[in-house]
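The values are calculated or read from the model by the stated rules, or taken from the named source; none is laboratory data. Bear in mind the structure is a predicted one, so any value in this text is a computation, not a measurement. So basically every Cβ, Gly included, is an ideal-geometry build from the backbone, and we count neighbours across all protein chains shown.
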């Protein structure tokens, strides 16, 4: 299949055979040509036709003939000759120019090598991570079991904390009960009936000048 660059003029050749023996090239013909662009219906086209020799004819296709990417099929007929069909492919690039030199081929090879090296680097990095995984990673059922265990332990810890808080509250209430019995008749001073000072009994005699009768 011949490649044609899109919207670019191109000369192509067709061979017409004599309808009598279906082998010999037929000369002196007036060609009728129809074309199908990208599998659309055939329609008449009129490229300049030049007879070459021995049944070969040159068709000078114009940019308007090659303006559609895809198959470009030609059906060529003429009186006294067998019909000839030619299928070309219209593409967006010039294949012959793209690979015209060895330098272009080398550049493509270098590009492919560079991209492959980059891919290999990424793959190696991924492998380095996956190598750290256990040989038999935990499945979903195992993870569910672990989650259940954690939930149970957390609930137990919370229950123990609640118990301790309750104990502290009980102790604090008992302490408050005792401190509520203290009275303060003078600011920052406690009113209390003292019975002993440094292990000696207080001997009150009713005098405002005598505080106790113990040892000095």
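Residues in the range 39-63 that are free of Cβ contacts under 8 Å to residues at least 40 places away in the same chain and assigned to a loop (DSSP other than H, G, I, E, B): 39, 40, 41, 42, 46, 47, 54.
Within the range 1-25, which residues are farther than 16 Å from residue 86 by Cβ, assigned to a loop (DSSP other than H, G, I, E, B), in contact with a strand residue (DSSP E or B) (Cβ under 7 Å, 6 or more places away or on another chain) and touching a residue at least 24 places away in the same chain (Cβ under 8 Å)?
Here is the first cut: in the range 1-25, the ones farther than 16 Å from residue 86 by Cβ are 5-9, 18-24.
Adding the requirement that they be assigned to a loop (DSSP other than H, G, I, E, B) leaves 6-9, 19-24.
Pick out the ones that are also in contact with a strand residue (DSSP E or B) (Cβ under 7 Å, 6 or more places away or on another chain) and you get 6, 9, 19, 23-24.
Scanning the range 1-25 gives 6, 9, 19, 24.
When the range 70-101 is limited to residues that are modelled with pLDDT of 95 or more and not in a strand (DSSP E or B), the one that is surrounded by the most Cβ atoms within 10 Å (Cβ to Cβ) turns out to be 78.
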